[in-house]
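Taking it in order: structure first as structure tokens, then the write-up.
The values are calculated or read from the model by the stated rules, or taken from the named source; none is laboratory data. In this text the structure is predicted, and so the values were computed from the model without any measurement. Cβ coordinates were reconstructed from backbone atoms using ideal geometry, including for glycine residues, and neighbour counts include every protein chain displayed. Protein only, heavy atoms only, side chains kept; ligands, DNA and RNA dropped before computing areas. Shrake-Rupley method; radii C 1.70, N 1.55, O 1.52, S 1.80 Å.
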Amino acid sequence: MENVVNLIVGAGFSGATIARKLAEELNQKVVVIDAKDHIAGNAYDYRDRNGIMIHKYGSHIFHTNLENVWQFMSRFTGFNTYMHKVIAVIDGIETTIPFNFRTLYDVFPETMAKRMEEKLLKNFEYNKKVPILEFQKQDDEDLKFLANYVYEKVFLHYTTKQWGVKPDEVDGAVTARVPVYISCDERYFQDKYQGIPLNGYAEVVKNILDHPNIEVRLETKYQDVTEEFDRVFYTGPIDEFFDYKFGELPYRSVNFKMEEYDKEYYQSNAVVNYPCNYDFTRIHEYKYYLDDISSKTVIAKEYSESFERGRNDRYYPIPNDNNAKLYARYLEEAKKLDNVYFLGRLGDYKYYDMDKAINRALELFEEIKGE
Ligand code: FAD
Ligand code: UDP
């Protein structure tokens, strides 16, 4: 099978991972194309003129419990020990989310916070993560008040800004990513492994793709490729591949408005969420991730918007029942094709974090390596 030539559409983490496996373990030729003028897909980063590592498509924090993914990544980069926290401004008060015991004491008077803390400990196991939609099902008056407070102050407006609909109208798994946390742990992620690649994400993807069997072609769209390949691994949008024959899979897009300031820091943390104010959802300040030293700082205000072809880019698949049904129709079509495989956030239409995208590519490789 050494003469097989593979085409990988997309040079993000999904495409790069499967490319490396095919090149290295099967000794096959691989051509990786990307429509963009850079590798690393949505995880792309670069150092700006001030030496600050900018995450072009918004903050990316690597976190995983998957040993195999961590081992794979660690072949191509070292990581710092950055553990992500998110500050949210609630009624003008800076506190941490997911909502946790510390948040309770930040936003309520001490006696009230203590009473709620005791009730929470009576009703829930310590360290339990409770999705907001489940947390709302309370009998106790204090906890009902608390649930309504968290729903209103943390989720309602942020989710409406982010998804254009209320929290009850997006898939429960989306808001469950930021649960109510019965804990003093203020971190955003509890995964065993977390950090930022020491030289950034684009460098990691470059290293993954750095193999004699791999050729990378940028600014090259699948639709413009005329050569024949033995196999195609497609990490672009699955509906686009089939020319939207069943209709378009909806996405949310994001607009990042970057600003540079002539001061060392703009805000107290890498990410500050504004669940109650403004039209943007959050502000990123990039120099925190790798402790970049500069007298300037760069921030990005994140505005969510609906995706429209030709106007902006696809950022978030929108998980809900209708979209799952539409995706299932495309998947059925995909299964009819020989030697075309779909993967990645766009190919699988799944809200993957980087580790899940990498894991999916590793799993797909195991499935097809004997073919
Ligand atoms: P992508 O990175 O989207 O790569 C797909 C590539 O395919 C793109 O480069 C695209 O140009 C190319 N392509 C598409 N169609 C074509 C075509 N027809 N022809 C040629 N090329 C094509 N994950 C985390 O783990 N931690 C985080 O903190 C985190 N933060 C995020 C923040 C934001 C705002 C977003 C949007 C995502 C975040 N993610 C995070 C998720 C992470 O970006 C994805 O898991 C990861 O980038 C998925 O990689 P991928 O290769 O599947 O897709
Ligand atoms: N969320 C919210 N308020 C917040 C943070 C998150 O309502 O302050 C909800 C919102 O619906 C968001 C989801 O939780 O889309 C997942 O948040 P996460 O930070 O994981 O999203 P991502 O980083 O992928 O954009």
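Testing Asn80 on (1) in contact with a Phe, Trp or Tyr (Cβ under 6 Å, 6 or more places away or on another chain); (2) more than 30 Å from His157 (Cβ to Cβ), one condition comes back false. Which one is that?
Unmet condition: (1).
I'd like to check something: does the stretch 85-98 contain any residue that is away from ligand 1 (no atom under 16 Å from the Cβ), farther than 30 Å from Tyr288 by Cα and either touching an Asp or Glu at 6+ places or on another chain (Cβ under 6 Å) or basic (Lys, Arg) (or both)?
No, the stretch 85-98 contains no residue that is away from ligand 1 (no atom under 16 Å from the Cβ), farther than 30 Å from Tyr288 by Cα and either touching an Asp or Glu at 6+ places or on another chain (Cβ under 6 Å) or basic (Lys, Arg) (or both).
Among the residues of the stretch 302-350, which ones are within 14 Å of ligand 2 (Cβ to nearest atom), more than 27 Å from Lys369 (Cβ to Cβ) and not hydrophobic (A, V, I, L, M, F, W, C)?
Within the stretch 302-350, the subset within 14 Å of ligand 2 (Cβ to nearest atom) is 302-305, 314-320, 345, 350.
Checking the rest, the ones that are also more than 27 Å from Lys369 (Cβ to Cβ) come to 302-305, 314-320.
Those that are within 14 Å of ligand 2 (Cβ to nearest atom), more than 27 Å from Lys369 (Cβ to Cβ) and not hydrophobic (A, V, I, L, M, F, W, C): Glu302, Tyr303, Ser304, Glu305, Arg314, Tyr315, Tyr316, Pro317, Pro319, Asn320.
What are the residue pairs meeting all of these: first residue in the stretch 168-184, first residue under 18 Å from Tyr105 (Cα atoms) and in contact (Cβ under 8 Å) with a residue 60 or more places away in the chain, second residue within 16 Å of ligand 1 (Cβ to nearest atom) and assigned to a loop (DSSP other than H, G, I, E, B), Cβ atoms under 7 Å, and 6 or more apart or on different chains?
Taking only residues 6 or more apart or on different chains, the pairs are Pro179/Pro98; Val180/Pro98; Tyr181/Pro98.
Restricting attention to the stretch 342-371, which residues are within 10 Å of ligand 1 (Cβ to nearest atom) and more than 16 Å from Val9 (Cβ to Cβ)?
Across the stretch 342-371, the qualifying residues are Lys350, Tyr351, Tyr352, Asp353, Met354, Asp355, Lys356, Ile358.
On the given criteria, is Asp292 surrounded by 12 or more Cβ atoms within 10 Å (Cβ to Cβ), closer than 25 Å to Tyr46 by Cβ and away from ligand 1 (no atom under 16 Å from the Cβ)?
In short, yes.
Mind telling me which of the residues Ala11, Ala19 ends up being open to solvent by less than 20 Å² (accessible area, probe 1.4 Å), more than 11 Å from Ile358 (Cα to Cα) and either more than 8 Å from ligand 1 (Cβ to nearest atom) or part of a strand (DSSP E or B) (or both)?
Only one candidate passes the filter, namely Ala19.
Only residues that are open to solvent by less than 10 Å² (accessible area, probe 1.4 Å) and either assigned to a helix (DSSP H, G or I) or more than 21 Å from Arg49 (Cβ to Cβ) (or both): list them for the stretch 255-273, please.
Val271, Val272, Asn273
List pairs: first residue in the stretch 274-285 and assigned to a loop (DSSP other than H, G, I, E, B), second residue open to solvent by less than 50 Å² (accessible area, probe 1.4 Å) and near ligand 2 (Cβ under 8 Å from one of its atoms) anywhere in the structure, Cβ distance under 6 angstrom, at least six positions apart or on different chains.
Pro275/Ala88; Pro275/Val154; Pro275/Tyr158; Thr281/Tyr158; Thr281/Gln162
When residues of the stretch 196-242 are filtered for being over 21 Å from Glu332 (Cβ atoms) and out of contact with any helix residue (DSSP H, G or I) (no Cβ under 6 Å at 6 or more places or on another chain), how many remain? Write out each step before concluding.
Quick first cut of the stretch 196-242, residues over 21 Å from Glu332 (Cβ atoms) only: 196-221, 223-230.
Next cut, out of contact with any helix residue (DSSP H, G or I) (no Cβ under 6 Å at 6 or more places or on another chain) only: 196, 198-200, 202-204, 206-207, 210, 212, 215, 217-221, 223-230.
Of the residues in the stretch 196-242, 25 are over 21 Å from Glu332 (Cβ atoms) and out of contact with any helix residue (DSSP H, G or I) (no Cβ under 6 Å at 6 or more places or on another chain).
Test each condition in (1) in a strand (DSSP E or B); (2) surrounded by fewer than 21 Cβ atoms within 10 Å (Cβ to Cβ); (3) touching an Asp or Glu at 6+ places or on another chain (Cβ under 9 Å) for Tyr46 and report the one that comes out false.
Single failed check for Tyr46: (3).
When you check Arg309 against the structure, is it out of contact with any Ser or Thr (no Cβ under 9 Å at 6 or more places or on another chain), open to solvent by 30 Å² or more (accessible area, probe 1.4 Å) and either outside any strand (DSSP E or B) or farther than 29 Å from Lys153 by Cβ (or both), yes or no?
yes
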